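The values are calculated or read from the model by the stated rules, or taken from the named source; none is laboratory data. Note that the structure is a prediction, hence the values are computed from the model and not measured. Because the Cβ atoms are built from the backbone with ideal geometry, glycine has one as well, and the counts that use them run over all protein chains shown.
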Amino acid sequence: MKIKMLNNETINKIAAGEVIVRPISVIKELVENAIDAESTRISVAVEKGGKTSICVTDNGVGIAYNEVPLAFKRHATSKILKIEDLESIDTLGFRGEALSSISAIARVRITTKTAEEEIGSQSFFEGGTFINQRVCTYDRGTEIMVTDLFYNTPARQKHLQKDKNEEKLIRDILEKLSLSHPEISFTYSSDGREVFKTLGTGNLKDVIESLYGRDFFKGLRELDVENSPMRLRGYISDLTLTRSTREEQIFFINNRFVKNKSLSRAFEDAYEGYMMVHKHPVGIVFMDLPGRMLDVNIHPAKTEIQILNESLVSILFKQGIRDCLKAQNLVVDVSEVT
Ligand code: ADP
Ligand code: MG
């Protein structure tokens, strides 16, 4: 074959496929945008595990009428201007890829209004193309409705799991976003049924109770320890609350969810001698670490942060958890009994 330049449509579809892999990718991007837009209320509604439709509504700053088409262009962002801005960035997004990627592989309807505008707008995009825009009444904020995900990329569609499994992934990611943003009230519904709603009080305890129930919370103890340069906050099992899986060991580093085997191991090691076999302690732990111990320049599709010195971080983590358990008189170290 001769060498040829790819056309823009193909380039965009390929790029979109890297950012948007399954329904949760859409949800993560749209909810992160809503958080960046300073929303205090965010609601997510999906049908059939997000395959039929995904609707994210927020009460944030909105997008002005004549900026909507631009927001859906690749590499269009209001969050940075130049590479140096990345050093002091406090938003979740900055690549300007999400809206263009989503609209390249689905049908999108966006309804939005800024505080300054008298009237809102509604616009349609499909397969990467801007279809049309009209004015309409709307409260301040943004609603993005995504339907027919992957309708024009059958290979991606084939790789989707059963509705139930996609739905579970969505619930998981929304739980984590709710935990790391107690100041925002999240509502999540699936196939017309409300799955959970958090209150947005700013209190982590309230989020945990909304997600997992009061009884679950009763089995937790407050964690607040400093093991310099690490600081740990959150809630951890009081020894009686255990699970047969590690699903409710939820860790955040600098307020971003992390999935990390060494941290799980360190957490369980802290309970050594006090857990029955096949039982796992639960914990919702927020770890603050200096930026130099992390590599945050990750691909948008990944949730993992790279910890630069994993063994040191794990030791500090284990000590911190153990110290908390000791301070609460839940555990005693044999070496200290004299
Ligand atoms: P990024 O988040 O990396 O800037 P996106 O493609 O996700 O790129 O969004 C493009 C732009 O559209 C954002 O920079 C922001 O200005 C605007 N935008 C997207 N979603 C929202 C929203 N929910 N509320 C207000 N503005 C939004
Ligand atoms: Mg974004």
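Those residues that are assigned to a strand (DSSP E or B), more than 13 Å from the chain's Cα centre (by Cα) and not polar (S, T, N, Q), I need them from the range 19-62; list them, please.
Within the range 19-62, Arg41, Ala45, Val46, Glu47, Ile54, Cys55, Val56, Asp58 meet the criteria.
Is at least one residue of the range 66-89 at pLDDT below 85, under 19 Å from the mean Cα position of the chain (by Cα), within 22 Å of Arg256 (Cβ to Cβ) and not basic (Lys, Arg)?
For the range 66-89, residues at pLDDT below 85, under 19 Å from the mean Cα position of the chain (by Cα), within 22 Å of Arg256 (Cβ to Cβ) and not basic (Lys, Arg): present.
For Glu116, are the conditions met, namely being in a loop (DSSP other than H, G, I, E, B) and at pLDDT 90 or above?
Yes; evaluated as a whole, the condition is true for this residue.
Could you check Thr137 against (1) under 17 Å from Asp58 (Cα atoms); (2) of a type in the set (S, T, N, Q); (3) in contact (Cβ under 8 Å) with a residue 60 or more places away in the chain and say which number it fails?
(3)
Tell me, which residue of the range 79-89 that is more than 14 Å from ligand 2 (Cβ to nearest atom) and part of a loop (DSSP other than H, G, I, E, B) is nearest to Thr52 (Cα to Cα)?
Leu81
Any idea how many residues of the range 1-20 are of a type outside the set (Gly, Ala, Ser) and either closer than 24 Å to Ser78 by Cα or within 12 Å of ligand 2 (Cβ to nearest atom) (or both)?
Adding up the residues that qualify gives 9.
From Glu38, Glu32, grab the single residue that is of a type in the set (D, E, K, R), within 12 Å of ligand 2 (Cβ to nearest atom) and touching a Gly at 6+ places or on another chain (Cβ under 6 Å).
Glu32
Of all residues in the range 220-276, count the ones that are aliphatic (A, V, I, L, M) and either touching a Gly at 6+ places or on another chain (Cβ under 7 Å) or assigned to a strand (DSSP E or B) (or both).
10
A quick yes/no check of all residues on (1) over 26 Å from Leu177 (Cα atoms); (2) without any contact (Cβ under 8 Å) to a residue 24 or more places away in the chain; (3) buried (at least 21 other Cβ atoms within 10 Å of the Cβ); (4) out of contact with any Ser or Thr (no Cβ under 7 Å at 6 or more places or on another chain):
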| position | (1), (2), (3), (4) |
| --- | --- |
| Ile14 | yes, yes, no, yes |
| Glu18 | no, no, no, yes |
| Val21 | no, no, no, yes |
| Ser25 | no, no, yes, yes |
| Lys28 | no, no, yes, yes |
| Thr40 | no, no, no, no |
| Ile54 | no, no, yes, yes |
| Ile63 | no, no, yes, no |
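Give the residue, chosen from Ser123, Ser103, that is of a type in the set (Gly, Ala, Ser), in a helix (DSSP H, G or I) and surrounded by 19 or more Cβ atoms within 10 Å (Cβ to Cβ).
Only one candidate qualifies: Ser103.
Give the number of residues within the range 151-160 that are in contact with a helix residue (DSSP H, G or I) (Cβ under 9 Å, 6 or more places away or on another chain) and without any contact (Cβ under 8 Å) to a residue 60 or more places away in the chain.
Final tally of qualifying residues: 2.
I'd like to verify a number: residues in the range 65-78 that are surrounded by 16 or more Cβ atoms within 10 Å (Cβ to Cβ) and out of contact with any helix residue (DSSP H, G or I) (no Cβ under 7 Å at 6 or more places or on another chain), how many?
So the count comes out to 4.
Any idea how many residues of the range 90-125 are more than 12 Å from ligand 2 (Cβ to nearest atom) and not basic (Lys, Arg)?
21
What is the number of the single condition among (1) within 12 Å of ligand 1 (Cβ to nearest atom); (2) farther than 18 Å from Ile11 by Cβ; (3) in a loop (DSSP other than H, G, I, E, B) that Ala76 does not meet?
(2)
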